[in-house]
Amino acid sequence: MLTLPELRALVEAGTIDTVEVVMTDLQGRLQGKRVSAEFFLDEAVGHDAEACSYLLAVDVDMNTVDGYEMSSWEQGYGDFVLRPDLSTLRLVPWQAGTALVVCDVAWGSGDPVVASPRQVLGRQLERLAALGLTAYAGTELEFIVFRDSFEEAWDKGYRNLAPTNQYNVDYSMLGTARIEPLLRRIRRGMAGAGMYVESAKGECNLGQHEIAFRYAQAMTTCDNHSIYKTGAKAIAAQDGYALTFMAKYDQREGNSCHIHLSLRSTDGEPVFSGDRPHHFSPLMEHFLAGQLACLRELTLLYAPNINSYKRYVAGSFAPTAVAWGLDNRTCSMRVVGHGGLSLRVENRVPGGDVNPYVAVAAMIAAGLYGIEHELELPPEFTGDAYRSDLPRVPANLRDAARLFGESEMALAAFGPAMVAHYLNAARVELEAFDGAVTDWERYRGFERM
């Protein structure tokens, strides 16, 4: 991480010549511009930067689409302001002579852009702060690595790619050694960008791996998450590999993004531990009960894409039931830790395609709903939640969008503008998929129908 004086010294020494000024879009991707370091110090620090408002109103292919109130052809696709958060300023070790800063997104008037993912999370953190609470989070991202480059994968139509491992390397030291040079380079790059790397391990799918980072305050974790995804892809590309965080690449295990969340008082004391059963505090019980009560109607914020829902398969370590359990990986909400600072909720619903800001915001909003309404926590689920008769996680994007749109809780927590914006993003995704002709249809119908 860099202070502004440190950056200035590096620029004067000729070590840094470029600053990436970035925001996060609806898909969780870093977007922005590279500016000269001199211009950043002279202008952007004091007067911000500008970007087209369509960055929060396009689909994954960057197509302009209808239905967004904040940005459209009728409104001329004007600019909004990228306001650097200097606490995020850091080196980018995988890009020569480069630093990076994450920005808040505001209108020229100074008002926040309520649909901006970072601002969505910021609003929920403000609600927590009003109660004297702060959130700490950790995200666990899985990805699959291929020996093909990104360009080769594109040319192959993402078919017949060569995974870096040909068998399940979950926890395998031998299997992961095959790709350790790339994993080590990613780990060292992220450490050089100010992240605390905890570990790396193999996962179940062919070529699937996970790098874990130490928990931090929620906004910091989400900033790091987005930088990590972009940086890992950039480093892989430099070494001739391709990697994907998509939720479900093939019929085998999908890429998860388990989100760990706990609360503390503003003076740093843990608030989840107490003298209730399982050593929970009443606040922990209400917070966890809120997760269960709101999970189905907030699933859209955990699983924003068509492909997200392909993960939810019984026996796949991706949850299908709305349940909580102590260290039970068949439940959507797994409670882990042994009191004090370690006691936390692990949300197992999100996949690798999740936007971390809105997902963590959804968990906080659900927890606040449980706290405000003093919801009673159902009994712990023991056994195989896949075989239970409990309510299920929505099975597709269409159902999740409907539940989100009907949710009075979401409307109260996020406001009508945010709800309408993210519903439109789901509509755009659904219409794009509904209009596509897939390989499955061709194989099934070309000759035989």
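Comparing VAL145, VAL105, VAL11 in a Gaussian network model of the chain (Cα springs below 10 Å), the most mobile by mean-square fluctuation is VAL11. Between amide H atoms placed 1.01 Å from N, distances below 5 Å from ASP148 occur with ALA162, ALA242, all of them 5 or more places distant or on a separate chain.
Between ASP85 and VAL102, CYS103, ASP104, the built amide H atoms are under 5 Å apart, and every one of these is 5 or more places off in sequence or on another chain. When the residues TYR249, TYR386, TYR68 are ordered by accessible surface, computed with a 1.4 Å probe over the protein chains alone, the sequence from largest down reads TYR249, TYR386, TYR68. Put a plus charge on the Cβ of each Lys and Arg, a minus charge on the Cβ of each Asp and Glu, and nothing anywhere else: the dipole of segment 279-347 about its Cα centre is then about 240 debye. Rolling a 1.4 Å probe across the protein heavy atoms gives segment 251-400 an accessible surface of 38 Å² per residue.
Qualifying GluC sites (Glu not before Pro) in segment 49-155, where qualification requires a DSSP coil assignment and no more than 15 other C-beta atoms within 10 Å, comprise GLU69, GLU74. Projecting the Cα atoms of TYR171, HIS338, SER388 onto the charge dipole of the chain, computed from C-beta unit charges around the Cα centre, puts TYR171 farthest toward the positive end.
Heavy atoms of the protein chains alone define the surface here; on that basis segment 1-124 has 46 Å² accessible area per residue at 1.4 Å probe size. Modelled this way, with points 7 Å down the Cα-to-C-beta line, the labels at GLN217 and GLN166 are 5.0 nm from one another. Measuring r between the beta carbons of LEU174 and ASP399 and using R0 = 56 Å, the FRET efficiency lands at 0.85. Contact order, relative form, for segment 171-286: 15 percent (alpha carbon pairs under 8 Å, 6 or more residues apart, mean separation divided by residue count). The label-point distance for LEU4 and VAL60, in a model that sets each label 7 Å from Cα toward Cβ, rounds to 3.9 nm.
Distance between the pseudo-spin-label points of ARG444 and ASP79 (7 Å out from Cα toward the beta carbon): 4.9 nm.
With contacts taken as Cα pairs under 8 Å at a separation of at least 6 residues, the chain carries a relative contact order of 15 percent. Phi angles of segment 210-217 translate, via the Karplus equation with coefficients 6.51, -1.76, 1.60 and θ = phi - 60°, into HN-Hα couplings of 9, 10, 10, 10, 5, 4, 7, 4 Hz per residue; Gly and Pro are given as x. FRET efficiency for the pair ASP250 and ASP42, taken as 1/(1 + (r/R0)^6) with r the Cβ-Cβ distance and R0 = 30 Å, rounds to 0.05.
When nucleic acids and ligands are ignored and a 1.4 Å probe is applied, ASP79 ends up with an accessible area of around 90 Å². Taking each of LYS229/LYS310; LYS33/LYS310; LYS156/LYS229; LYS33/LYS201 in turn, the alpha-carbon distance tops 28 angstrom for LYS33/LYS310; LYS33/LYS201. With a 1.4 Å probe rolled over the protein heavy atoms of all chains, the accessible area of GLU441, GLU372, GLU253 falls in the order GLU372, GLU441, GLU253, largest first. Of the accessible area of the chain, with the probe set at 1.4 angstrom, what percent is carbon plus sulfur? Roughly 52 percent of what the probe reaches on the chain is carbon or sulfur.
The values are calculated or read from the model by the stated rules, or taken from the named source; none is laboratory data. The structure displayed is predicted, hence computed values, not measured ones. Methodologically, a virtual Cβ is constructed for each residue, glycine included, from the backbone with ideal geometry; neighbour enumeration extends over all protein chains shown. When the accessible area is computed, the model is the full protein with side chains, heavy atoms only, and any ligands, DNA or RNA have been set aside. Shrake-Rupley method; radii C 1.70, N 1.55, O 1.52, S 1.80 Å.
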